[in-house]
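Remarks on the structure that follows.
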Amino acid sequence: MGGELLLLIMRMLVIALLIALVIALIVAVNREMRANLAQRADLKKTEHGLPAFYKMIYLSGAKPKNILNITLNKEIIVGRNEMSANVIIDSSFVSTKHTRLFNFGDSVMIEDLGSTNGTYVNGEMITAPKKLSEDDIVIIGDTEFKIV
């Protein structure tokens, strides 16, 4: 009978250790997930906490023909020619293929495509792809947009 009691106590200790291990694992995973979320806090979110895409809102200048509020969730080519651009601005200040906007990881990037008049972000001409942020002002030819 003494051996059975000892065996029962050992089984209960093993079960207690397994429960403690599972709890420690849950706490560690939870801590890691919170740390990862804190790192990603700069991502724009919807009211449901899902990633949201930036939009480029028309402010002034020559109006785009087809869209005034552009959701930046895929590659966008801004230009004057309907055959080579998906956002068309009919202005002599805008090149045939003027600017490219594209996603790179969690970022939205803008790149001038060798246009004659350049692409400006917050008053500075860009010469290489540049990451866009909320409230940036983008000028393409004589058309001004705001990133929201």
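Computed from the coordinates by the stated procedures, all read-outs in this text should not be read as laboratory data. Values in this document were obtained by computation on a predicted structure and should not be read as measured data. In this analysis, Cβ positions are derived from the backbone assuming ideal geometry, glycine residues included, and neighbour counts consider all displayed protein chains.
Of note:
- DSSP-defined antiparallel bridges as percent of all bridges, segment 69-109, nearest 5: 75
- GluC sites (Glu not before Pro) within segment 50-148, DSSP loop, no more than 16 other Cβ atoms inside 10 Å: GLU75, GLU82, GLU134
- Helix 2-39 axis, angle to the chain major axis (alpha carbon atoms, nearest 10°): 10
- Each residue of segment 132-148 was assigned a 3J(HN,Hα) from its phi angle through the Karplus curve 6.51 cos²θ - 1.76 cosθ + 1.60 (θ = phi - 60°); the sequence is 8, 10, 4, 6, 5, 9, 10, 10, 10, x, 10, 10, 10, 10, 10, 8, 10 Hz, with glycine and proline shown as x.
- Those residues of segment 71-90 whose amide nitrogen sits under 17 Å from the label point placed on PHE102, 7 Å along Cα→Cβ: 72-79, 84-87
- Secondary-structure-derived ellipticity at 222 nm for the chain, considering helices only, amounts to -9500 deg cm²/dmol, per-run term -39500 (n - 2.57) for DSSP H runs with n ≥ 4.
- Cα Rg, Dmax, the chain, angstrom units: 27.2, 98
- For the cross-link pairs LYS63/LYS131; LYS74/LYS97; LYS97/LYS131; LYS63/LYS97; LYS55/LYS130; LYS63/LYS146, the ones whose C-alpha atoms lie over 18 Å apart are LYS63/LYS131; LYS97/LYS131.
- In segment 61-140, the DSSP beta bridges split such that about 90 percent are antiparallel, to the nearest 5.
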